[in-house]
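Below you'll find the structure, written out as structure tokens, and then a few comments.
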Amino acid sequence: MRDLATLPKAHLHVHLESTVRPETLREIAAANGVDLPMDDGDTPPTFAGFRAFADHNALVRACLLRPEDFRRIAREFCADEAAQGTRYAEVTFTAASHGDRLKHPEMPLEAVLEGLAEGQAAYDIECRVILDHSRRRSVDRAWRTLDLARRYASHGVVAIGLAGEETYPLAPFAAVMDAASDAGVHLVHHAGEACGPESIREAITTGRTQRLGHGIRVLDDDELVAEVRDRAIPLEVCPTSNVGLGFASSFSEHPLPLLLKAGLVVTLNTDIPAIVGTSLAGEYEQVRDAFGYDDHLLADLARASFDASFAPAETKARLHEQADAWLAAAPGH
Ligand SMILES: [Zn+2]
């Protein structure tokens, strides 16, 4: 067995706000005079379930105020990802929401892009940014999200996507999606996590999605499985997040093997790693432990993540070479 921390990987579904190191959150909170609820004074609070997830998000939002806060979490994201073999990441950031909150539309995104640039210069990783928009929020803000994506495309923003509660329909955002598509901005929506096949159909048709954020409930509908397979729409599968938020009963009962068996394109991701206590290398390790996959199958999962990314062709080719080299090395290295 080879070390999965050295397997080159692409990380396609990870929310920057849910990657913040606990000690960083504490330090930023202290600097900004924000009270953090702590278990016993020096350990960070533990999280379980959707309510705790929402509370944590609100807490992180309350802490992130200054440009240096955003720069720091972006730079540390690069460090933490590179250390576990992530060589390419498309990190999701809710730029317009922070911009509205801080009454400074561009600052949070500009600071994140600066932090990512610093991180990419210091560590072996290449990053792009996806701007997400909660379905519960206004169509006006979705337009502002697209506006930011267009203006910062040359700085690494590659896509926009709808996230948040899937029970809210995608239809009100149809014109935004059409405009994004016309402008060459990629589209990646969350669907098929909390809601079933209809949410996936809507993401594909109205939302023009190029990947499915989660998408695991595609399995509820055989016809849809065939469509997603025939169109080779990649799934961003996040097993530990699904378990943590109650969408799968345990890692070993996660439907990932069924998705692969159905011939779907599966990529492995963390979604909210700091909240559910995982990492991308950790997800690959858990897949090995739970399903007994060998190094060739695990490398295939990494290769699927390269191909499903919006990375330039040269980057994809380099990542494939690195994965080949990982497999060519003797096990135990
Ligand atoms: Zn997500």
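Val265 fails exactly one of the following numbered conditions: (1) under 19 Å from Tyr88 (Cα atoms); (2) of a type in the set (Val, Ile, Thr); (3) within 16 Å of the ligand (Cβ to nearest atom). What is the number of that condition?
Of (1) under 19 Å from Tyr88 (Cα atoms); (2) of a type in the set (Val, Ile, Thr); (3) within 16 Å of the ligand (Cβ to nearest atom), only one is false for Val265: (3).
Which of the following residues is surrounded by 19 or more Cβ atoms within 10 Å (Cβ to Cβ) and either over 30 Å from Ala203 (Cα atoms) or touching a Lys or Arg at 6+ places or on another chain (Cβ under 7 Å) (or both): Arg101, Arg75?
Arg75
For the range 68-94, enumerate the residues that are touching a His at 6+ places or on another chain (Cβ under 9 Å) and of a type in the set (A, V, I, L, M).
Ala89, Val91
Quick one: Asn242 ticks every box in (1) farther than 20 Å from Ser305 by Cβ; (2) within 16 Å of the ligand (Cβ to nearest atom); (3) in a helix (DSSP H, G or I) bar one, so which box is it?
Unmet condition: (1).
Regarding Arg128, is this residue in contact with a strand residue (DSSP E or B) (Cβ under 8 Å, 6 or more places away or on another chain), in contact (Cβ under 8 Å) with a residue 40 or more places away in the chain, surrounded by fewer than 19 Cβ atoms within 10 Å (Cβ to Cβ) and within 21 Å of Arg208 (Cβ to Cβ)?
It is false that Arg128 is in contact with a strand residue (DSSP E or B) (Cβ under 8 Å, 6 or more places away or on another chain), in contact (Cβ under 8 Å) with a residue 40 or more places away in the chain, surrounded by fewer than 19 Cβ atoms within 10 Å (Cβ to Cβ) and within 21 Å of Arg208 (Cβ to Cβ).
Applying the selection to the range 284-313, what residues are farther than 13 Å from Arg87 by Cβ and either among the charged types (D, E, K, R) or not in a helix (DSSP H, G or I) (or both)?
Correct list: Glu285, Arg288, Asp289, Gly292, Tyr293, Asp294, Asp295, Asp300, Asp307, Phe310, Pro312.
Which of the residues spanning the range 181-215 are surrounded by fewer than 21 Cβ atoms within 10 Å (Cβ to Cβ), on the phi > 0 side of the Ramachandran plot and touching a helix residue (DSSP H, G or I) at 6+ places or on another chain (Cβ under 6 Å)?
Arg208
Looking at the range 260-276 only, could you name the residues that are of a type in the set (A, V, I, L, M) and over 18 Å from Ala58 (Cβ atoms)?
The answer is Leu260, Ala262, Leu264, Val265, Val266, Leu268.
For the range 52-60, check the following and say yes or no: at least one residue is surrounded by 17 or more Cβ atoms within 10 Å (Cβ to Cβ) and either among the β-branched types (Val, Ile, Thr) or at pLDDT 95 or above (or both).
yes
Which pairs do you get when a residue that is in a strand (DSSP E or B), found in the range 160-177, comes within reach of a residue that is away from the ligand (no atom under 16 Å from the Cβ) and aliphatic (A, V, I, L, M), reach meaning Cβ atoms under 7 angstrom, with the pair 6+ apart or on two chains?
Short answer, once both residue conditions are applied: Ile160/Leu146; Ile160/Ala149; Ile160/Ala180; Ile160/Val185.
From the set of residues in the range 19-51 that are modelled with pLDDT of 65 or more and in contact with a Phe, Trp or Tyr (Cβ under 9 Å, 6 or more places away or on another chain), which is farthest from Ala62 (Cα to Cα)?
Here the residue is Thr19.
Tell me whether the range 266-283 contains one or more residues that are farther than 21 Å from Thr19 by Cα and part of a helix (DSSP H, G or I).
no
Since Gly207 meets every condition but one in (1) within 16 Å of the ligand (Cβ to nearest atom); (2) more than 28 Å from Arg51 (Cα to Cα), which condition does it not meet?
(2)
The values are calculated or read from the model by the stated rules, or taken from the named source; none is laboratory data. Predicted model, so just to flag it, every value in this text is computed and none were measured. Every residue, glycine among them, receives a Cβ derived from its backbone with ideal geometry; neighbour counts consider all protein chains shown.
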